[in-house]
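Please treat every number below as a calculation from the coordinates, not as lab data. This one's a predicted model, so the numbers in the text were calculated from it and none came from an experiment. Counting neighbours? That spans all protein chains shown, and the Cβs are built from the backbone with ideal geometry, glycine included.
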Amino acid sequence: MDFLTLFLIYLCFVLTTTGLLCLCSGRKEGFLAWGVSGASQVLSLVIPTQLQRATQRVLHRLFHTRSRLFVVLHIALQAAVYGEYTWEVFVYCWELQFHLLLLLLPYLLLAGNVGCFILCSRANPGIITRSNHASLVKIYPYDGVLFQKGTVCPVCGMEKPARSKHCSFCSVCVHRFDHHCVWLNNCIGAFNAKYFFLYLFTLTAMAAAVAVITAAFLVRVVLLSNMMQGSYVDDRGQERPVEMLFLIQHLFLTFPRIVFMLGFVVLLTLVLGAYSCFSLYLAFTNQTSNEWSKSRRHGCSRHQTLQPHGSRVGYKNIYSKGIWMNFKEIFKPPTVLERKKKT
């Protein structure tokens, strides 16, 4: 198998893996439900009926109920990346006299990320119960567009407070519901949004730090070897100057695991970076992922909504209080007492 074929297989694998991570994180319930439905249709064509039912039960348990599968996958991916970074990149960079603080930066970010992961996955996101329902329903007003007064959750049997949603994974209604994160095996709501925010940004910084250090190592190797000023003999016996394709091939064959890891963390940095920017936008405008999705689904992307009598009126996000106050609300969600003071 020649280098180009091997590299294309590698590139497809990295792109597919990163795309699945992005979709599982970004589409949430909609993507997972679509995936299960599509898988069931394919299985029905090639698998016997009894095995189909068993497979559907397994898929339903994985994608429609709380499961630790993605948590285990999350830990396994981090272990694989940091294992390769520790055993090869760190050692090589230490021999090349990289600054120690730079080499330790990914571990410091990892410690912070693990702390945020534990806090976010174990914290109560804002589960609405009979005892706290009366107080939570008073915190946010109903906007009459995305959230209607008097809407009762058919599962919990309680009136839904504004900005809440019933999570089919956890089978509970969550206050200021954002989304259910399969990688944390928990909902993201009013009371753990700050931990998720920090978790997401430390995860992005981790991937970026590993990518930058690994890329710096490969660049240092190329510069020290003066490879770009060299030449090679091709298959026809002709001497040619070193080109970018030859350089990539040489690095890929010399450091296959390092280049593989670099490609993965670079793409992961781009995906997580884009998602972090989207999360910042939501925080600055005081929106949740659920509200942003509902506004698009209800045709509010142009700031208009259709009323029951047929007229169109302007849609306004009544929960926005300015960039600073919106961002502050992530880390200090409002309570009933605070709202009474303002009124």
Legend entry - Rule-of-thumb Rg ratio for segment 114-201 [Cα; 2.2 N^0.38 Å; N residues]: 1.09
Inset, instruction - Quickly rank 193-204, 285-296, 131-142 as a protection proxy: mean count of other C-beta atoms within 10 Å, highest first. - result: 193-204, 285-296, 131-142
Inset, instruction - Compute the length gained on full extension between N124 and T335: take 0.36 nm times their separation in residues and subtract their Cα-Cα distance, giving the result in nm to one decimal. - result: 74.4 nm
Inset, instruction - Multiply the residue gap between L270 and K321 by 0.36 nm, knock off their C-alpha separation, and tell me the result in nm, one decimal place. - result: 15.3 nm
Inset, instruction - Could you go through segment 151-159 in sequence order and give the Karplus-derived ³J(HN,Hα) for each residue, using 6.51 cos²θ - 1.76 cosθ + 1.60 with θ = phi - 60°, rounded to whole Hz, and x for Gly and Pro? - result: 6, 9, 6, x, 8, 7, x, 10, 5
Inset, instruction - With label points built 7 Å along Cα→Cβ from the Cα atoms of F191 and A134, find their separation and express it in nm. - result: 1.8
Inset, instruction - Using only the alpha carbon atoms of segment 166-229, find the Kirkwood hydrodynamic radius as the inverse mean reciprocal pair distance, in angstroms to one decimal. - result: 14.8
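Grab the other residues whose beta carbon is less than 10 angstrom from that of I258, score K and R as +1, D and E as -1, and report the net. Mind dumping the intermediate values first?
Numbers: positive: R257; negative: E84, E88.
Combined, the nearby Lys, Arg, Asp and Glu give -1.
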